[in-house]
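Notes for the one structure printed next.
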Amino acid sequence: MTDNPVFTRIREEVDENDVVVFMKGTPMFPQCGFSAAVVQVLSALDVKFKGIDVLTDPALREGIKQYSNWPTIPQLYVGGEFIGGCDIVRELYDSGELQQLMDEKGVEHAT
Amino acid sequence: MPMEASELKQLIIQAIPDATVTIEDLRGDGDHYAASIVSPAFKGKSRVQQHQMVYDALKGRMGSALHALALQTGVPDDLRD
């Protein structure tokens, strides 16, 4: 797993940034409804995050799926930990668990 | 390449035999589904692990044959902590 250069890049991104979304399109212009939904949740919580567009990088688009063992995009990472895709993010937000998780990881957010 | 709801259901049941599976074809095009899956096998597992079990059951079809599958997983009420 360590010999793939994409994995090294992904690891650096999720280590250096508290909140990272691997998505289709950019936070300003999401190219997919599921990616847009995750951006919407993070925006509602007023969380600072880094959006990484996988559409501009085919190696990253495949690499992130292997890295997380998760077949779909978007993917949310908080504090270096894979949190889930769109369904899980929405579920966690609705139940208040996402806000709790941000607290645990020391990420500033609106309530 | 669309996929029948019955085939989807069968794949999940094959991998998780005691699961109760409800599938909804969101657009009627065989390509956008919502699945609700309840099984004792999910007990003690995180949401990510539960969804990974379902994706494993689909044997790589997710993201290729299947474009969109909204997932909701959980353990039966009487087994909840």
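Here are a few things to note about the model shown:
- Positive contributions from Lys and Arg (+1) and negative ones from Asp and Glu (-1), summed over other residues with Cβ under 13 Å from the Cβ of A:Asp94, come out at -1.
- Counting only residues at least eight positions apart within a chain, or on another chain, the lysines with an alpha carbon under 27 Å from that of B:Lys43 are A:Lys65, A:Lys105, B:Lys9, B:Lys59.
- Counting every C-alpha pair in the protein assembly as shown, the share spaced more than 29 angstrom apart comes to 24%.
- Rounded to whole Hz, the Karplus (6.51, -1.76, 1.60) HN-Hα couplings of region A:49-63, x for glycine and proline: 9, 9, x, 10, 7, 7, 5, 8, 8, x, 5, 5, 4, 6, x
- Overall Cα dimensions of chain B, principal axis frame, Å, largest first: 39, 21, 19
- Separation of region A:42-111 from region B:1-78 is 21 Å, based on Cα centroids.
- Sequence-distant residues sharing a close amide H with A:Gly51 (under 5 Å, placed H): A:Val21
- The order of the peptides A:72-78, A:87-93 by mean Cβ neighbours within 10 Å, most packed first, is A:72-78, A:87-93.
- Förster-model FRET efficiency, 22 Å R0, B:Asp78 and B:Gln14, C-beta, rounded to 0.05: 0.35
- Here is the list for chain B: trypsin sites (Lys or Arg not before Pro) lying in DSSP coil, each with at most 11 other C-beta atoms within 10 angstrom of its C-beta, are B:Arg27, B:Lys59, B:Arg80.
- Just checking the listed ones, B:Asp29, B:Asp18, B:Asp56: in the Gaussian network model of chain B with Cα springs under 10 Å, the one fluctuating most is B:Asp29.
All of the numbers you see were taken from the coordinates with simple rules; none came from a lab. A quick note: this is a predicted structure, and the numbers were derived from the prediction, not measured. Positions of Cβ are generated from backbone atoms using ideal geometry, with glycine treated the same way; all protein chains shown enter the neighbour counts.
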